[in-house]
């Protein structure tokens, strides 16, 4: 486990590399029988990974459960589609509630559409920060592309007229909420990394 930044550390501490199941099938096909091997034993690299992962994991464990859900949505590799959906939905509900609390009153129809706008912005934010270095460009930065994506992904149609007045504020508020939650979720991990670098 190489620690470059808190985002990557979150991912790496929850990812445990295992031998690919298909490799065992390939070996069985070649040999005609299953053979027990010890080629994936505990090595110094694995021990170092687990030691660092434990330090990062303990920092994650101190977080409020809502922050942990947001961090898992952003950075943790998911073990199953069901887990991924549960974590994504919980994170979306969390950000939606924060955006709604900071928004002016609106009609029920607009509120329903806002839920999908929040989901879309969260996916944009996640894509932009994947890999830990925040180097990806926003793929849906233009309102036209974002509206087309919402229509294609969720079958939600947003009017193109008065975009800045009707939706741009909500998009910006959602990005701000994501940034705030991201900062709060990553700050304990950044502190642990700083301690480890200082000790090294």
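At-a-glance table
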{"quantity": "Separation of alpha-carbon centers, region 88-122 and region 55-71, rounded to whole Å", "calculated": "23 Å"}
{"quantity": "Stretch gain in nm, segment residue 115-residue 142, where the contour uses 0.36 nm per residue and the Cα spacing is subtracted", "calculated": "7.8 nm"}
{"quantity": "Region 160-200 - Debye-derived log10 I(q)/I(0), Cα point model, q = 0.14, 0.15, 0.16, 0.34 Å⁻¹", "calculated": "-0.50, -0.53, -0.56, -0.98"}
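Each value in this text was obtained by applying a stated rule to the coordinates, not by laboratory testing. The shown structure was predicted, so the numbers you read here are calculated from the model rather than taken from an experiment.
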